[in-house]
1. Only four residue types carry charge here, +1 at the Cβ of Lys and Arg and -1 at the Cβ of Asp and Glu. Report the dipole size of the protein assembly as shown about the Cα centre in Debye, rounded to the nearest 20.
2. Short version: ³J(HN,Hα) in whole Hz for each residue of the range A:72-79, in order, from phi by Karplus 6.51 cos²θ - 1.76 cosθ + 1.60 (θ = phi - 60°), x for Gly and Pro, what are they?
3. Note the direction-averaged projected area, equal to a quarter of the hull surface, for the Cα convex hull of the range A:1-112, in nm².
4. What are the ³J(HN,Hα) values, in whole Hz, obtained from phi via the Karplus relation 6.51 cos²θ - 1.76 cosθ + 1.60 with θ = phi - 60°, for each residue of the range A:189-195 in sequence order, with x given for Gly and Pro?
5. Once the convex hull of the alpha carbons of the range B:253-293 is built, what does its volume come to per residue, in cubic angstrom?
6. Given the Cα atoms of the range A:110-182, and with Rh set as the inverse mean 1/r over their pairs in the Kirkwood sense, what is Rg to Rh to two decimals?
7. Report, largest value first, the span of the C-alpha coordinates of the range A:79-153 along each principal axis, in whole Å.
8. Using the C-alpha atoms of the range B:184-318, what convex hull volume per residue, in cubic angstrom, is computed?
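Coordinate-derived values only; no laboratory data. Here the structure is a predicted model, which is why all the values come from computation and not from measurement. Methodologically, a virtual Cβ is constructed for each residue, glycine included, from the backbone with ideal geometry; neighbour enumeration extends over all protein chains shown.
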Amino acid sequence: MLDADFFRRWMTATAASVDREADRLTALDSAIGDADHGSNMQRGFAAVRTTLADEAPDTPGAVLMLSGRQLISTVGGASGPLYGTLLRRTGKALGEAAEVGEEQLAEALRAGVQGVMKLGGAALGDKTMVDALLPAVEALGSGFGAAREAAEKGAKDTVPLLARKGRASYLGERSIGHQDPGATSSALLIAALAETAEG
Amino acid sequence: MKMLINVPETVVADALRGMAAAHPDLAVDVENRVIVRRDAPVAGQVALVSGGGSGHEPLHGGFVGPGMLSAACPGEVFTSPVPDQMVRAAAAVDSGAGVLFVVKNYTGDVLNFDMAAELAEDEGVQVAKVLVNDDVAVTDSLFTAGRRGTGATLFVEKLAGAAAAEGRPLEQVESIARRVNENSRSFGVALSAVTTPAKGSPTFDLPEGELELGIGIHGEPGRERRPMMTSGEIADFAVNAILEDMSPHNPVLVLVNGMGATPLLELYGFNAEVQRVLAERGVAVVRTLVGNYVTSLDMAGASVTLCQVDEEMLRLWDAPVRTPALRWGM
């Protein structure tokens with residue numbers, strides 16, 4: 001069973017991973033966006049880390065709801081509302097249970113990803129975070145490791161795609177040949193989940 | 001790249017402190033990143049709130065004051081502000097007559113202003129929103145995030161701000177803002193890429209001897225790259241791109257806007273070419289504004305915005321305004 005501490009460690013691991021990969025995220029974003037995805041995600045997850053330490057929410061749902069709210073308040077851009085909605089919807093779906101099972105998490109994360117798709121209007125193949133998140137949710141039934149692999153593959157598979165949403169879409173054909181920064185940070189989030197589960 | 005900054009992390013806060021010192025008419029909340037005209041809320045008047053990523057100065061903070069915006073919310077460089085900022089701004093400027101959010105059409109701005117509108121309405125503020133999407137370089141609107149909001153933002157904020165100053169109700173101010181946007185079109189070109197403080201090097205590679213056509217204002221590359229053209233050739237290309245999309249039957253306001261690193265000498269020369277093309281195409285010009293208004297940090301280049309106006313819209317353009325960047329008649 002997964003408790004509040006597990007979810008706090010997941011968020012902390014994501015913050016550390018975003019710190020390590022910030023330059024890569026920004027480099028990907030400068031190819032087809034505006035070169036700030038790394039610093040924005042870094043600022044957001046640093047704030048998440050601080051607020052989780054200060055407020056110490058005591059259920060899995062509360063950890064994710066608070067993290068999502070903090071991302072909305074600190075990240076800005078499209079990533080703030082989208083990642084904020086992902087975590088808030090997932091947290092909301094987990095309810096007030098003190099511990100949740102892996103299946104319950106998979107279901108909740110599916111609700112979170114659906115929230116992202118509704119808010120951003122993106123579908124699979126539009127070269128967005130959805131391309132990493134949706135395959136990860138599908139694979140979560142086979143374990144955390146499978147979810148990580150699916151997310152990483154999903155992010156890599158955005159390279160040949162034509163962007164249809166967000167700032168990269170203005171490039172038209174020229175968005176082809178670059179990995180999507182949002183899909184890449186989504187893969188980091190899922191990898192941090194797997195890392196936390198593996199201890 | 002050398003920059004006149006302390007550290008990248010504090011560029012926005014440093015600029016806000018400087019704005020506060022330079023413009024005592026503005027109340028600048030550096031911590032919460034909200035710029036408000038000091039006499040707000042103004043009784044009986046609709047308030048206008050806008051915002052967006054920093055790096056486009058004087059947009060939006062430089063347009064706060066009587067006759068234009070009531071408040072502006074600056075985000076991080078090229079990153080939309082967060083909902084908390086807009087909610088705070090709306091609460092500070094609402095006189096009870098309601099608030100109009102002026103939102104440039106970028107995914108981030110739209111999502112954050114949508115969230116803010118919901119939260120502000122929960123707090124009892126009546127909110128209307130207008131989306132600015134004037135950039136004709138984005139042609140395939142169905143399969144992209146849609147046309148970007150660029151130079152027309154200045155026209156929307158000026159004309160809707162003048163309508164609000166006349167004491168018109170929210171639905172009329174909103175309707176004028178929409179009319180301005182629907183009658184405005186822009187096209188921009190870049191002669192150099194932009195360097196953000198966080199990255200410190202150009203965001204895309206634009207070789208000497210080439211220019212980028214159809215750029216936005218966030219350092220994102222445009223749709224097409226060509227060998228460098230003359231000012232006259234660029235004016236032909238930009239104005240024709242606009243006129244392919246809109247055939248003005250009324251006279252137009254012209255904004256020849258610098259992207260940040262192009263000298264006024266070049267901008268005025270470019271304006272001469274823009275006016276030549278408009279005359280050749282039989283488009284009547286009633287007012288022209290030349291300068292750096294909707295910029296993209298240190299990008300070299302320019303954009304052209306045309307806004308076709310009827311008598312009422314022209315009267316609203318000529319109405320008094322007193323902001324750091326636009327000031328006449330008062």
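1. Numbers: 45 positive and 68 negative charges, 147 e Å.
It comes to approximately 700 debye.
2. With coefficients 6.51, -1.76 and 1.60, one gets 4, 7, 10, 7, x, x, 7, 4 Hz.
3. Averaged projected area of the range A:1-112's Cα convex hull equals 6.4 nm².
4. 4, 6, 5, 5, 5, 5, 4
5. About 54 Å³ per residue, rounded to a whole number.
6. 0.99
7. In descending order, the Cα extents are 36, 26, 15 Å.
8. Values: hull volume 14.0 nm³, N = 135.
So the per-residue hull volume is 104 Å³.
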